[in-house]
There are 2 protein chains.
Amino acid sequence: MHALRAIPGACSLADLDTAGTPGFVGSKSDALRLLQARGKHLHTLQEKLYANAVSGNGRSVLLVLQGMDAAGKGGIIRHVLGMVNPEGIDHAPFGVPSSEERLHHFLWRVHKALPRLGHIGVFDRSHYEDVLVARVRKLVPEAVWQGRYHEINEFERQLAGQGMVIVKVAMFISLQEQKQRLLQRLRDPHKNWKYSPRDVDDRLQWPHYRDAYQALLDRTSTEVAPWYVIPCDHKWYSRIAVAELLIAALETMDLTWPPAQYDLQKEITRLQRS
Amino acid sequence: MHALRAIPGACSLADLDTAGTPGFVGSKSDALRLLQARGKHLHTLQEKLYANAVSGNGRSVLLVLQGMDAAGKGGIIRHVLGMVNPEGIDHAPFGVPSSEERLHHFLWRVHKALPRLGHIGVFDRSHYEDVLVARVRKLVPEAVWQGRYHEINEFERQLAGQGMVIVKVAMFISLQEQKQRLLQRLRDPHKNWKYSPRDVDDRLQWPHYRDAYQALLDRTSTEVAPWYVIPCDHKWYSRIAVAELLIAALETMDLTWPPAQYDLQKEITRLQRS
């Protein structure tokens with residue numbers, strides 16, 4: 001299957017069918033079954049990544065999750081990354097910056113949160129907040145956020161040059177679907193903590209956010225760090241789509257099991273005698 | 001079930017049956033079925049811990065995994081912690097200290113690796129290496145490692161005083177079982193990377209390590225941070241035992257779903273109108 005790779009200037013969010021399942025032919029139960037099987041493959045690929053890092057060939061994968069509130073970022077982490085060994089995941093949430101973080105360049109906290117070698121890093125929101133909420137809420141002057149697109153591309157180019165494989169996922173749902181999901185958080189006492197009044201504030205600003213997302217897709221989908229647009233009204237679709245993107249990313253790395261860094265026969269003998 | 005809580009001076013490693021399954025009556029398949037069910041409960045408890053932290057009641061749990069090579073620490077992480085949302089796990093492996101870490105007090109790197117609030121921290125090895133390998137390999141003078149038992153107890157007392165719940169697990173297998181597991185790592189090319197010649201070096205020093213473990217159990221099993229001794233010849237037993245210990249720890253915290261931090265009715269109205 002192929003999720004929608006954002007081609008700068010050619011991907012219109014206004015036309016996106018958030019209930020679509022591009023590249024996937026099958027039912028929800030087909031998708032759930034496939035996800036189980038593909039999860040095992042993903043698990044093995046990550047273990048190879050880790051084994052290589054232990055053996056001196058250190059690389060990592062960075063999954064950037066951006067999207068509307070309630071689009072399902074948490075579900076991706078739980079249901080897709082949850083199939084991988086927790087040893088191999090570096091989870092980094094990006095909330096409202098602290099007072100110290102605000103004094104630094106916006107990439108300061110991002111650098112510190114990059115995945116360790118051998119790991120899949122998961123950014124739950126990311127440096128892209130600095131051209132989304134910062135732009136819509138006018139947290140910085142326009143000249144500042146305008147400059148950030150170039151800074152981000154340069155930053156990601158450096159990471160990729162060091163061997164990091166970057167997968168960027170933009171997750172969208174319809175406003176109607178978002179309303180239902182947020183209502184559920186308000187109606188279920190077990191989910192109240194997931195809701196913030198900011199969610200409705202942002203919802204009311206959606207046209208401005210959509211413009212900001214459109215600019216992000218047009219200006220930061222690069223060869224080394226492309227964006228993929230994921231329609232998320234169907235959670236089962238978004239999960240299998242992200243799993244496949246991660247698998248494809250890991251497969252481009254041509255990972256093999258690293259050979260022993262010691263004399264195999266000698267160690268077998270030593271062990272037998274011990 | 002009740003795993004073996006180490007009572008200072010009363011738990012003899014020399015007498016431990018590493019093939020035992022203390023407190024568990026049932027077969028391997030009973031244990032695997034139970035683990036699935038208990039995993040869901042563990043998942044919910046961790047989510048409550050996280051929800052409380054988001055809502056201003058920030059606490060955390062620290063699981064310390066210590067034990068012989070190949071005792072199954074990795075399996076615990078994969079099969080027990082793998083049942084919890086990866087968002088809620090802070091995994092910290094403690095390998096050979098870096099040159100910078102060696103210059104610092106031994107707790108320096110430990111402080112930095114403590115779990116974030118709302119998280120279950122998992123120490124894969126820990127500060128206890130500094131009274132195990134440091135003692136057996138004579139990496140520091142005796143007066144130094146002798147002083148560390150007190151320093152560790154004081155450190156953990158401070159953490160517990162801040163609200164952290166500490167679960168310490170010491171994992172043991174028979175020397176025969178260890179030999180089989182290490183041989184498997186040498187015979188399976190997919191597992192060669194998990195083996196290190198140090199594993200046999202340490203094996204040959206087992207009597208000294210056992211003494212060091214005995215001292216650790218006798219001197220650092222405290223009221224606020226007790227040790228649990230887990231016989232690990234049966235992986236299925238060790239996994240359900242650790243799952244139960246984590247569940248028991250979380251249950252002592254009496255976690256409830258936090259109430260909304262906002263006006264619920266007002267937000268439902270705002271959302272409906274948006």
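Numerical summary
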| quantity | calculated |
| --- | --- |
| Relative contact order of chain B, pairs being alpha-carbon contacts under 8 Å that are 6 or more residues apart, as % | 35 percent |
| Additional length obtainable on full extension of the chain from B:Lys191 to B:Thr44, 0.36 nm per residue less Cα span | 49.6 nm |
| Beta carbon of chain A nearest to the axis of the rotation taking A to B, residue and angstrom distance | A:Pro86, 3 |
| Global geometry of segment B:32-187, whether rounded, prolate or oblate, following the gyration tensor of its Cα atoms and the 1.5 cut on a/c | oblate |
| Cα centroid of segment A:212-239 to Cα centroid of segment B:175-196, whole Å | 43 Å |
| Calculated FRET efficiency for the pair B:Thr252/B:Ser27, C-beta based, R₀ 30 Å, to 0.05 | 0.55 |
| Peptide A:254-260, shielding by other chains (average Cβ, 10 Å cutoff) | 3 |
| Nitroxide proxy distance, nm - points 7 Å out along Cα→Cβ at B:Leu264 and A:Arg273 | 7.2 nm |
| Compactness of chain A as Cα Rg over 2.2 N^0.38 Å, two decimals | 1.09 |
| Label-to-label distance, nm, for residues given as B:His208 and A:Glu223 (7 Å Cα→Cβ offset) | 5.6 nm |
| Value at 222 nm in deg cm²/dmol, rounded to 500, when DSSP H runs of n ≥ 4 in the protein assembly as shown each add -39,500 (n - 2.57) | -15000 deg cm²/dmol |
| Pairs of Cα atoms farther than 20 Å apart, segment B:10-67, % | 55 percent |
| Violating pairs (Cα-Cα greater than 32 angstrom) within the set A:Lys112/B:Lys73; A:Lys28/B:Lys235; A:Lys28/A:Lys112; A:Lys40/A:Lys168; A:Lys40/B:Lys138; A:Lys48/A:Lys112 | A:Lys28/B:Lys235; A:Lys28/A:Lys112; A:Lys40/B:Lys138 |
| Per-peptide average of other Cβ atoms within 10 Å, ordering B:160-169, B:57-66 highest first | B:57-66, B:160-169 |
| Cα convex hull volume per residue for segment B:175-240 (Å³) | 122 Å³ |
| Sorted peptide list for B:71-78, A:210-217, criterion being average Cβ within 10 angstrom, highest first | B:71-78, A:210-217 |
| Rounded Å value of the spacing that divides the Cα centres of segment B:31-110 and segment A:12-36 | 34 Å |
| Cβ-placed point charges (K, R +1; D, E -1), dipole of the protein assembly as shown about Cα centre in debye, nearest 20 | 600 debye |
| Nearby aspartates and glutamates by direct alpha-carbon distance to B:Lys191 (threshold 12 angstrom, same-chain neighbours under 8 apart not counted) | A:Glu47 |
| DSSP beta bridges in segment B:4-273 [antiparallel fraction, %, rounded to 5] | 10 percent |
| Inter-part distance where segment B:245-274 and segment B:143-157 are each reduced to a Cα centre, Å | 39 Å |
| Span per principal axis, largest first, for the Cα atoms of segment A:21-114 (Å) | 49, 40, 21 |
| Segment A:123-228, relative contact order in percent, only Cα pairs under 8 angstrom and at least six apart counted | 42 percent |
| Kirkwood hydrodynamic radius of segment B:67-158, Cα pairs, Å | 14.6 Å |
| Sites A:Tyr149 and B:Glu100 - FRET efficiency at Förster radius 30 Å, r taken between beta-carbons, to 0.05 | 0.25 |
| Lys, Arg +1 and Asp, Glu -1 on Cβ, resulting dipole of chain A about Cα centre, debye, nearest 20 | 740 debye |
| DSSP-assigned coil residues among trypsin sites (Lys or Arg not before Pro) in segment A:101-146, each with at most 11 further Cβ atoms within 10 Å | A:Lys138 |
| Shielding of A:178-190 by partner chains, average beta-carbon count, 10 Å | 3 |
| Viscosity 1.002 mPa s, 20 °C: Kirkwood-radius Stokes-Einstein D of the protein assembly as shown over Cα pairs, µm²/s | 85 µm²/s |
| Selection from A:Leu271, A:Asn153, A:Val64 lying farthest towards where the dipole of chain A points positive, charges on Cβ | A:Leu271 |
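Taken together, the values in this text are just the output of simple stated rules run on the coordinates, not laboratory data. All of these numbers come straight from a predicted model, not from anything done at the bench. Cβ: placed from backbone, ideal geometry, glycine included. Neighbour counts: every protein chain shown.
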